[in-house]
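Here the structure is laid out as structure tokens; the discussion comes afterwards.
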Amino acid sequence: MHNHGDGGSHELRNKLRFRQRLEILRDSTLHQQVKRHLDARRWCRRQWIHASLFASIGTMVATIVPGFSAATQAPAVARPLATLPLELPGLSADKLHGVAGDSWQVVRVRPGQTLGAIFGEMGAPASTLHRVLQDKGAKAALARLYPGAELGFLLGHDGSLHGFRYDRDPMHRVELSIDGDRLHERVIEREASTRTVVISGKVGRSLFHSARKLGLSGGNINTLTDEIFKYDIDFNEDVAASDRFSVVVEQTWREGELIKSGPVLAATFTTGGKLHSGFRFERNGKAEYFTAEGRPLKKSFIRMPIPYARLSSGFGARKHPVLGRIRMHKGVDYAARSGTPIMAAGDARVKFVGRQNGYGNVVILDHGRGYTTLYGHMSRFGKIHAGQRIAQGTVIGYVGMTGLATGPHLHYEFRVNGVHRNPLSITMPPAEPLTGAQLAAFRSYTANALARIRTVENIIYADAAPSQRGTVAMAESPARGKKG
């Protein structure tokens, strides 16, 4: 400290000497200039400039040097710091000797990976896996492993397995402590919250890609395309990148992760400037989708009970391909590969399942109000039986060529009060709309859902520039905490 102080004083003295020399130079210069002026009685313009310049330099030095002088002063002495002794928890013997303790190692299941392979990678013996699978709960949960599932291994410093954990369901995690041949189970309840959200966006290059990016599940998207808007929008031809959609759905979140999306509660789709909407509502204990006016979106009948088929024979008189004579063809034929699924054209009660003469394997469905349908030449039946009530779209059998047939196809008949009608031209009966108290409850529900959707769409689309439209907005109701 002493040497440091002497060095600072020496530097200060040098700066002061420098300042004095500059001041002497300034005074000398001014004195000479004044003297010349008195002698010559007149300065030239250049001489005035020189005099002003030297005067300015002198003033600046007089101002700056004291600053350097102050900067070299020794800092004030800080007050001494106080130290307090603190008691720390004692270390275990393993820590004192530098031995690591147990630690959880988390792995995620890869596609095609088995539980045995995972245990092998973690260095756990097959006998340990066998003991884990002896637990009934563990065996049931681990039998349904899927890619991305999370498993935890509690490993000791020597690599031995001391514990194992897995998710029994989205809300419960199970930890198994391994103590020799014994397992101790602990179930941890994981808190989650469910919120009703409105997700809105534009179709872009792909409806599926855009909707998935916004957080809709694959099931939600299929509901839009295959249930709600199936009858009004051709998603292969009618949809443009600028068309937009909004969906009301319940989402369950746990620890910042979306773990489940519920069914679509309401949806709107704007295409070609026209707004289509659909709302989920339970009628007589069964969930259906309705228009804003309370009419079912699902038609009472689908005209083609078999997908991706070719119409091979129409309704009316024709020469029978097997019998070779003119006969009335009381239905239509759809040619398709043997084994192609056949769907029920509408909600119905199964009236007959069996074999009938030239029809071969046949199914007859009673749809009520005097409407029946017949499906012939099946190779085999679906999982149905006479008297059973089935929904529209249920697989009732598979294409074949039993009975009088020259190739695999479906013979389809549509009857009204026992009279055969052309299923391709008949006006299908409308589905029954909501009425009375059900309609009043439905209107109250739809008003709330539409208000949510309009709020979000007004935020996104009302004032947005064309380049910004199509961004995502999400409005949610207050989260509801759920346990288990």
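Restricting region 267-286 to residues that are over 24 Å from the mean Cα position of the chain (by Cα) and small (Gly, Ala, Ser) leaves a set whose member that is surrounded by the most Cβ atoms within 10 Å (Cβ to Cβ) is Gly272.
Is one or more of the residues making up region 188-199 out of contact with any Cys (no Cβ under 6 Å at 6 or more places or on another chain), polar (S, T, N, Q) and without any contact (Cβ under 8 Å) to a residue 40 or more places away in the chain? No, because not a single residue in region 188-199 is out of contact with any Cys (no Cβ under 6 Å at 6 or more places or on another chain), polar (S, T, N, Q) and without any contact (Cβ under 8 Å) to a residue 40 or more places away in the chain. Note on region 157-171: among residues that are within 18 Å of Ala143 (Cα to Cα) and in a strand (DSSP E or B), the one that is farthest from the chain's Cα centre (by Cα) is Phe164.
Can you go through Ser242, Ser177 and tell me which one is part of a loop (DSSP other than H, G, I, E, B), of a type in the set (S, T, N, Q) and surrounded by 13 or more Cβ atoms within 10 Å (Cβ to Cβ)? Just a single option satisfies the conditions, and that option is Ser242. Residues in region 349-370 that are modelled with pLDDT of 95 or more and of a type in the set (Phe, Trp, Tyr): Phe352 only. Return a yes/no flag: does region 359-382 have any residue that is over 23 Å from Ala287 (Cα atoms) and among the charged types (D, E, K, R). Yes, region 359-382 has at least one match. Consider region 126-146 and keep the residues that are in contact with a strand residue (DSSP E or B) (Cβ under 8 Å, 6 or more places away or on another chain) and under 20 Å from Gly112 (Cβ atoms). The one that is surrounded by the most Cβ atoms within 10 Å (Cβ to Cβ) is Leu142. Any idea which of Ala464, Ala431 is touching a Pro at 6+ places or on another chain (Cβ under 7 Å), at pLDDT below 85 and either more than 19 Å from Leu297 (Cα to Cα) or surrounded by 14 or more Cβ atoms within 10 Å (Cβ to Cβ) (or both)? Among Ala464, Ala431, only Ala431 is touching a Pro at 6+ places or on another chain (Cβ under 7 Å), at pLDDT below 85 and either more than 19 Å from Leu297 (Cα to Cα) or surrounded by 14 or more Cβ atoms within 10 Å (Cβ to Cβ) (or both). Of note, Glu250 does not satisfy the criterion of being under 29 Å from Ile342 (Cβ atoms), outside the structural domain of Met343 (by TED's automatic domain parsing), acidic (Asp, Glu) and surrounded by 16 or more Cβ atoms within 10 Å (Cβ to Cβ).
The values are calculated or read from the model by the stated rules, or taken from the named source; none is laboratory data. These figures come from a predicted structure and were not determined experimentally. Every residue, glycine as well, gets a Cβ built from its backbone with ideal geometry; the counts of neighbours run over all protein chains shown.
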